[in-house]
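Notes follow once the structure below has been shown.
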Amino acid sequence: PSPLDRDQQQGIRAIRDFLKVRTSYDVLPLSFRLIVLDTGLLIKKSLNILTQNSIVSAPLWDSDTSRFAGILTATDYINVIQYYYQFPDEISKLDQFRLSSLRDIEKAIGAIPIETVSVHPSQPLYEACRRMLKTRARRIPLVDVDDETGRETVLSVITQYRILKFIAVNNEQNTVMLKKCVRDINLGTYTNLATARMDSTVLDAIHLMVEHNISCIPIVDADNRVLNAFEAVDVIPCIKGGAYEELDGSIGEALCKRPDESPGIYTCGEGDRLDSIFDTVRKSRVHRLVVVDDDNRLRGVISLSDILKYVLLEGEEDSGPQT
Ligand code: ADP
């Protein structure tokens, strides 16, 4: 192998070793808050709570059984929207739905539920990552069980972003070894890209996300130049207050409803190296990279799961079929 390949392999191996000796516990900040929502809460109210606290997801707690009941994410709201369009006569009922109805809504629209796996916080981080990739979950809850009472406690939730950030911050000496470029390691997706225009409707974008099982649609102009990206979480401000009719509005309008602190999109080129992608992750709140050419035309999308998959599974025997 070339020196470049050798360095790359060495860097990746070192990162994997690092993930094997760290636990999910290590990823957590020294002090943090966790907002847990009771499943008895009205779905409508949950939207306000997320917005007020500038969060886009929360673990659910079933106080009847005193058990952890999964994680509320933007996907759940997208399911509610689909339900509304499939059963328009039920709109009056929709206002009364509680978070405990989410599983029924999922069933009614025939959505494949995202398996809720949880990990114990003291398990190796490597295990948590493998589980995440296997189930395609973008976040997993850390659940601890009390030995004596058998009671579950949700300690926190770790996301792909948090893990990649943790790797980036603590492995600078290893990530500098990753000098192969995006094109050479085939990182990301470059064919059958789902895109929309500024004047497409929010509903169009939602349908694309559901159909492709993705959470981000690049927004391009007539020349395929990248203008922005519509994310699943952008749906939340659109339906706040129960205004489901507004989904017929344009993506352009919807993007104006983004909170002020929203970071915007990050782009990279196919010639960019993995180490510079880790630099971006180290410095910024990246949720994916949109790959563009020199004229800012869309070439591809690199999701955090693509990066995590490469770092964890590249060259492994059981990397399995790429789905
Ligand atoms: P995201 O949640 O950022 O959409 P996922 O981790 O769900 O990303 O991505 C799943 C796969 O879909 C990844 O391999 C990613 O490269 C690909 N992907 C992401 N966005 C798009 C898109 N707009 N069109 C086609 N493929 C995409």
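The values are calculated or read from the model by the stated rules, or taken from the named source; none is laboratory data. Keep in mind that what you see is a predicted model, and the values were worked out from it rather than measured. Glycine also receives a Cβ, built like all others from the backbone with ideal geometry; neighbour counts cover every protein chain displayed.
Among the residues of segment 119-127, are any touching a residue at least 24 places away in the same chain (Cβ under 8 Å) and charged (D, E, K, R)? No - not one qualifying residue is present in segment 119-127.
Suppose the filter is more than 30 Å from Asp275 (Cβ to Cβ) and within 16 Å of the ligand (Cβ to nearest atom); does His212 pass it? Let's see the steps before the verdict.
On the way: more than 30 Å from Asp275 (Cβ to Cβ): no; within 16 Å of the ligand (Cβ to nearest atom): yes.
Against the criterion (more than 30 Å from Asp275 (Cβ to Cβ) and within 16 Å of the ligand (Cβ to nearest atom)), His212 does not qualify.
Scanning segment 222-263 for residues that are under 22 Å from the mean Cα position of the chain (by Cα) and free of Cβ contacts under 8 Å to residues at least 12 places away in the same chain yields Cys256, Asp260, Ser262. Looking at this structure, is Arg258 touching a Pro at 6+ places or on another chain (Cβ under 6 Å), surrounded by fewer than 19 Cβ atoms within 10 Å (Cβ to Cβ) and not β-branched (Val, Ile, Thr)? Spelling it out, it is not the case that Arg258 is touching a Pro at 6+ places or on another chain (Cβ under 6 Å), surrounded by fewer than 19 Cβ atoms within 10 Å (Cβ to Cβ) and not β-branched (Val, Ile, Thr). In the set (1) more than 10 Å from the ligand (Cβ to nearest atom); (2) part of a strand (DSSP E or B), the condition left unmet by Asp223 is number (2). Taken over segment 174-198, the criterion of being away from the ligand (no atom under 16 Å from the Cβ) and in contact (Cβ under 8 Å) with a residue 12 or more places away in the chain is satisfied by Asn174, Thr175, Val176, Met177, Leu178, Lys179, Lys180, Cys181. Of the residues making up segment 296-323, just one is of a type in the set (Val, Ile, Thr) and modelled with pLDDT under 95, namely Thr323.
In this structure, is Ala229 surrounded by fewer than 20 Cβ atoms within 10 Å (Cβ to Cβ), within 30 Å of Pro88 (Cβ to Cβ) and among the small types (Gly, Ala, Ser)? For Ala229, the condition - surrounded by fewer than 20 Cβ atoms within 10 Å (Cβ to Cβ), within 30 Å of Pro88 (Cβ to Cβ) and among the small types (Gly, Ala, Ser) - is not met. Looking at segment 272-292, is at least one residue farther than 28 Å from Ser200 by Cβ and not in a helix (DSSP H, G or I)? Yes, some residue in segment 272-292 is farther than 28 Å from Ser200 by Cβ and not in a helix (DSSP H, G or I). Residues that are under 21 Å from the mean Cα position of the chain (by Cα), assigned to a loop (DSSP other than H, G, I, E, B) and under 30 Å from Glu172 (Cβ atoms) within segment 18-48 comprise Leu28, Pro29, Phe32, Arg33, Leu34, listed in sequence order.
Residue-by-condition table, conditions (1) within 20 Å of Arg139 (Cα to Cα); (2) touching a residue at least 12 places away in the same chain (Cβ under 8 Å); (3) not β-branched (Val, Ile, Thr):
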{"residue": "Ala58", "(1), (2), (3)": "yes, yes, yes"}
{"residue": "Asp62", "(1), (2), (3)": "yes, yes, yes"}
{"residue": "Ile81", "(1), (2), (3)": "no, yes, no"}
{"residue": "Tyr85", "(1), (2), (3)": "no, yes, yes"}
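Pick from Ile265, Ile277, Ile251: which is buried (at least 16 other Cβ atoms within 10 Å of the Cβ), more than 20 Å from Tyr310 (Cα to Cα) and modelled with pLDDT of 95 or more?
Details: Ile265 fails: modelled with pLDDT of 95 or more; Ile277 fails: more than 20 Å from Tyr310 (Cα to Cα).
Residue meeting the stated conditions: Ile251.
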